[in-house]
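What follows is a single structure, written as structure tokens, with notes after it.
No value in this document is a laboratory result; all are computed from the given coordinates. From a predicted model like this one, the values you see are computed outputs, not experimental measurements.
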Amino acid sequence: MIQEKMRTAQSRQKSYADKRRKPLEFSEGEHVFLKVTPTTGVGRALRARKLTPRFVGPHQIIQRVGPVAYRLALPPSLSNLHDVFHVSQLRKYVHDPSHVVELDDVPVKENLTFEKLPVAMVDHKLKELRGKSIALVKVLMCFLMKEGWKC
């Protein structure tokens, strides 16, 4: 009698949980995002988890290993992870051309720095701190200057 009530309660809870779930299936060659968790080791060294990304990627699916497992092509920075992930750790990637950042837009030097040019001085004031005066200057900066662009 107790076992029967347990089974009915479990089936009721399962039906509630199944309403929120949707079956996810991916095909080979698709791109997916990988969920970042403390167990995967991605971002383990970062302290402030509030601002870290929830997903990394996109990564390409190489093959379907089982009914709910997929093998991903991971970059060398994630080489410490196993390359097979459960479908619950993956999110579908919808390709959007606006996500692509063109490298020609930002002029990067050999030492991986870029130059910001001041456009205008917006405001200035003198602040007193412990008997010393500090000059504060607010400057409008622009580093993507092209012909006809205004900052």
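Below are the figures for this structure:
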{"item": "J(HN,Hα) series, region 123-138, from Karplus relation 6.51 cos²θ - 1.76 cosθ + 1.60, nearest Hz, glycine and proline x", "result": "7, 8, 7, 10, 10, 9, 9, 6, x, 10, 9, 10, 8, 10, 10, 9"}
{"item": "Built amide H within the under 5 Å cut-off of residue 36, gap 5+", "result": "55, 56"}
{"item": "Whole-Hz couplings from phi, Karplus 6.51/-1.76/1.60, listed for region 68-84; x for Gly and Pro", "result": "10, 10, 9, 9, 10, 8, 9, x, x, 5, 10, 5, 7, 9, 6, 8, 10"}
{"item": "Amide proton proximity set for residue 119, modelled H, under 5 Å, gap of 5+", "result": "140, 141, 142"}
{"item": "In order through region 8-22: 3J(HN,Hα) via Karplus (6.51 cos²θ - 1.76 cosθ + 1.60), integer Hz, x for Gly, Pro", "result": "5, 5, 5, 5, 5, 5, 5, 5, 5, 5, 5, 5, 8, 8, 10"}
{"item": "Residue-span extension gain [residue 60 to residue 12] - 0.36 nm each, minus C-alpha spacing", "result": "13.5 nm"}
